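The values are calculated or read from the model by the stated rules, or taken from the named source; none is laboratory data. Source: prediction; values computed, not measured. Here the Cβ positions follow ideal geometry from the backbone for every residue, glycine too, while neighbour counts run over all protein chains shown.
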Amino acid sequence: MTLRRARRYVRVRRAVLAASVLTVVGTPFLAARFADRSWPSGVFVGATGAARALGVELLDPLLTAGVALSGGARRGLLVAALPVLLLVVVLGRFFCGWLCPYLPLLAVSNAVRWALARLGIPTLDLRLPGWIRFAVLGVVLGGTGALGVQLATLVYPPALLARTAYRLAFGLGLGGAAVVVAVVWLFDTTVSRAGFCRSLCPGGALFSLLGARSPVGVRRVASRCTDCTVCDVVCNLGQGPMTDRVDAGCERCGRCVAACPTGALSLSFEGRRR
Ligand code: SF4
Ligand code: SF4
């Protein structure tokens, strides 16, 4: 993949992410502004994770599973989940790299870590075992089924951020969801780089599982690779593209591809020519 194409890929991803963040942050404020007039709810309501656009419902798989397990299943639930579900099956954990509204906060966290390092203030980078996120997912979904209460919304950043934005837009203050997001951010900033996404987020775990057979992935042309480690360093999620250790935890963000100085990496369908 040429560097130009890789950079274009990253630019498109950032534009989609910006639109996603805008739905989370902007929709509540517009809804509050138009509350006494007619907010065009037939056009768009909701935010990334749970929305209705032009009459089409869009639900992310974790929230769908939560609704179903807590006894709230209704006709059409699976249909609402199907578009995102199919995308995850084909594109893998792309939701994390393209749509999750926590990503801008994670970027700030990484910048703060970098600044602290420059100032000589050490931060930890704890690597939790990979199985922990699946255990968290099991507890969240199992607990939801056992208690009949949605537990994902208590720890899932897209849901927490959407709730915080609504509270702020309607003048209700920050609330508990903002506290959880702050704890997650502090954990990422001081204890483990992107540690929540890597090892604790139930959404990331579910997307990894559902997208485990995705045909889209990072490929490397060994003859062009100089072992410079740049790709491994820029990856937030602890993948190892330099040594072909990229698994279902990859969010298809393209950072490694755009950073590779020799164009040795590409994001492509399995078997397709690079
Ligand atoms: S792992 Fe969770 S918080 Fe991180 S990007 Fe994915 S959905 Fe968002
Ligand atoms: S391996 Fe590359 S595409 Fe995958 S998450 Fe890491 S930087 Fe992004």
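For this structure, a couple of remarks:
- Index of the failed condition, residue 162 passing every other in (1) under 24 Å from residue 46 (Cα atoms); (2) modelled with pLDDT of 95 or more; (3) crowded, with 20+ Cβ neighbours inside 10 Å: (2)
- Figure legend. Inter-residue proximity from segment 94-116: first residues on the phi < 0 side of the Ramachandran plot and not assigned by TED's automatic domain parsing to the domain that holds residue 255, second residues outside any helix (DSSP H, G or I) and more than 16 Å from ligand 2 (Cβ to nearest atom), beta-carbon distance below 7 Å, spacing 6+ or different chains. Indicated pairs: 95/60; 99/48; 101/48; 113/123; 116/123.
- Filtering segment 47-56 to residues that are touching a strand residue (DSSP E or B) at 6+ places or on another chain (Cβ under 7 Å) and under 20 Å from residue 210 (Cα atoms) leaves only 50.
- On inspection, residue 186 qualifies as of a type in the set (A, V, I, L, M), in the same structural domain as residue 59 (by TED's automatic domain parsing) and surrounded by fewer than 16 Cβ atoms within 10 Å (Cβ to Cβ).
- Selection of segment 215-233 for residues being surrounded by fewer than 16 Cβ atoms within 10 Å (Cβ to Cβ) and either in a helix (DSSP H, G or I) or basic (Lys, Arg) (or both) yields 222, 223, 224, 233.
- Condition check for residue 59: more than 28 Å from residue 139 (Cα to Cα) and in contact with a strand residue (DSSP E or B) (Cβ under 8 Å, 6 or more places away or on another chain): no
- Taking the criterion of being in contact (Cβ under 8 Å) with a residue 24 or more places away in the chain, among the β-branched types (Val, Ile, Thr) and either surrounded by 17 or more Cβ atoms within 10 Å (Cβ to Cβ) or not assigned by TED's automatic domain parsing to the domain that holds residue 143 (or both), the only residue of segment 51-79 that qualifies is 67.
- Test result for residue 157, closer than 18 Å to residue 198 by Cβ, out of contact with any helix residue (DSSP H, G or I) (no Cβ under 7 Å at 6 or more places or on another chain), assigned by TED's automatic domain parsing to the domain that holds residue 196 and more than 16 Å from ligand 2 (Cβ to nearest atom): no
- Within segment 253-262, the only residue that satisfies the criterion of being away from ligand 1 (no atom under 12 Å from the Cβ), assigned to a loop (DSSP other than H, G, I, E, B) and within 19 Å of the chain's Cα centre (by Cα) is 254.
- Failed condition for residue 230, given (1) under 16 Å from residue 93 (Cα atoms); (2) within 13 Å of ligand 2 (Cβ to nearest atom); (3) more than 17 Å from the chain's Cα centre (by Cα): (1)
- Pairs are defined by a Cβ separation below 6 Å, a sequence spacing of at least 6 or placement on different chains, a first member in segment 149-165 that is over 12 Å from residue 21 (Cβ atoms), and a second member that is among the polar types (S, T, N, Q) and not in a helix (DSSP H, G or I); the pairs so defined are 149/70; 150/70.
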